Amino acid sequence: MNKEYKYVVQPLVTYLKYQTVNWKIHTPRHHTSETGWDIEARSKNLDLLIEAKFMDNAPFLVKLNSLITAPLAKRKRNFPGNDKPYAICWAMGSEKIRYNDFQRLWDYIIRNTKFWKHYIQDLKVKYIFLVRKDATVRMDFRKIVAYSSRYKKLALNKSLVTRRRIAQEIIRRHFKRIYEDFYTK
């Protein structure tokens, strides 16, 4: 069992099973080594197609690039009736979620916010799931992109340490659930 499956896919599947929505869930039989989506969750009204990445064992931008290109690939969907509305989601897992993960994500987004607005709309990217062994938080991708403009105003031409502190403050003020679940425990 690889780390991606152990630390991201399994906890996210558990999280989805305990939601009020009755999700039917499909994961590849051979964990994440098969082609297709790492998790497919189907409810009455929506299919979630989730690409999962374990963020600790490789450079951040390499993993982020694989998440970014995930909606571009024409992947096999396993549930019948693929004409249902769907949303693409990212699942980012780690043994420890750090503030500098957000700082790096926002530094990447602020390079071209117009691209990210089209990325969300055109490719139907809806959520980012942040996963740690004992906690999972769902974030709206639009909210992440919206707060990148606030981050840009505060962090432009600042040092790395200052940018990480700014990311920490934005998380603490505006993403209370993440702050409580990941940083206060």
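Just need a number here: residues in segment 36-49 that are more than 21 Å from Ile120 (Cβ to Cβ) and surrounded by 14 or more Cβ atoms within 10 Å (Cβ to Cβ).
2
Can you find, within segment 176-185, the residue that is modelled with the highest pLDDT among those that are surrounded by fewer than 19 Cβ atoms within 10 Å (Cβ to Cβ) and either of a type in the set (Ser, Thr, Tyr) or out of contact with any helix residue (DSSP H, G or I) (no Cβ under 7 Å at 6 or more places or on another chain) (or both)?
Only one residue fits best here, namely Lys176.
Please list, ordered by residue number, the helices (runs of 4 or more DSSP H) wholly in segment 75-173 having 2 or more residues that are surrounded by 16 or more Cβ atoms within 10 Å (Cβ to Cβ), within 16 Å of the chain's Cα centre (by Cα) and in contact (Cβ under 8 Å) with a residue 60 or more places away in the chain.
The qualifying helices (runs of 4 or more DSSP H) are 99-109.
Filter segment 110-143 for residues that are aliphatic (A, V, I, L, M) and modelled with pLDDT under 90 and give the result.
Listed by number, the residues that qualify are Leu123, Leu130, Val131, Ala135, Val137, Met139.
Condition first: closer than 20 Å to Arg98 by Cα, among the charged types (D, E, K, R) and loosely packed, with under 11 Cβ neighbours inside 10 Å. Now tell me which residues in segment 50-74 satisfy that.
none
Could you tell me which numbered condition Val137 fails, if it satisfies all but one of (1) in contact with a Leu (Cβ under 7 Å, 6 or more places away or on another chain); (2) farther than 19 Å from Arg173 by Cβ?
With (1) in contact with a Leu (Cβ under 7 Å, 6 or more places away or on another chain); (2) farther than 19 Å from Arg173 by Cβ applied to Val137, the lone miss is (2).
The values are calculated or read from the model by the stated rules, or taken from the named source; none is laboratory data. Just so it is clear, the model here is predicted, and its values are computed rather than measured. Note that each Cβ is placed from the backbone with ideal geometry, even for glycine, and that neighbours are counted across all protein chains shown.
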